[in-house]
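Worksheet for the structure shown next.
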């Protein structure tokens, strides 16, 4: 049983940093002894959230365009991850949560990022303010399948 832990980092919103973010959160989650399947779920969800921030939050890659990633592990082995950008925000969150919705169809984006996150995590929510940014919060209980 964990006594809790926390990590927080900021990275430039570069596509090449998606892999680092995904692996950093996965490395942090290892203390919960996740199964390979749970670890892959976490990595996939973080990857989607970071990619959404890189692709949709900012007009162009710049060192000033940041993504903030925080992760917490609580006493019952629940991992909470938040991915926050400080970009343009989402005008209609409900529409953005619909499968196949994309603001970048010209880039052949599938519009499935939030659907993928919802599939692989136990809970997730999106908070956004136009002109101020978006925060995606995801939760996964590690080891719940083993306890059932």
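All of the numbers you see were taken from the coordinates with simple rules; none came from a lab. Remember, predicted model here, so these are calculated numbers, not experimental data. Backbone-built Cβ (ideal geometry, glycine too); neighbour counts: all protein chains shown.
Which order do the peptides 121-131, 12-22 come out in when sorted by mean C-beta neighbours inside 10 angstrom, highest first? Intermediate results must be reported in sequence, preceding the final value.
Values: 121-131: 14.9, 12-22: 16.6.
Ranking, from highest mean packing down: 12-22, 121-131.
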Quiz item: Can you give the helix-only mean residue ellipticity at 222 nm for the chain, where every DSSP H stretch with n ≥ 4 adds -39500 (n - 2.57) and the sum goes over all residues, rounded to the nearest 500 deg cm²/dmol?
Solution: -8500 deg cm²/dmol
Exercise. Using a 10 Å cut-off on Cβ atoms, rank the peptides 37-45, 81-89 from the highest mean neighbour count down.
Key: 81-89, 37-45
Self-check item: Value of relative contact order over the chain, rounded to a whole percent, pairs C-alpha under 8 Å and six or more apart
Solution: 28
Quiz item: residue 74 to residue 33: extension gain in nm, 0.36 nm per residue of separation minus the Cα-Cα distance?
Solution: 13.4 nm
Quiz item: Measuring from centroid to centroid over Cα atoms, what is the spacing of segment 2-54 and segment 62-100 in Å?
Solution: 11
Quiz item: If you take the beta carbon distance between residue 14 and residue 130 as r and set R0 to 35 Å, what does 1/(1 + (r/R0)^6) give as a FRET efficiency, to the nearest 0.05?
Solution: 0.90
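Grab the Cα-Cα distance for residue 115 and residue 144, subtract it from 0.36 nm times how many residues apart they are, and report the gain in nm with one decimal.
Length gained between residue 115 and residue 144: 8.3 nm.
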Quiz prompt | Extension reserve of the residue 61-residue 122 stretch, reckoned as 0.36 nm per residue once the Cα distance is removed | solution = 18.8 nm
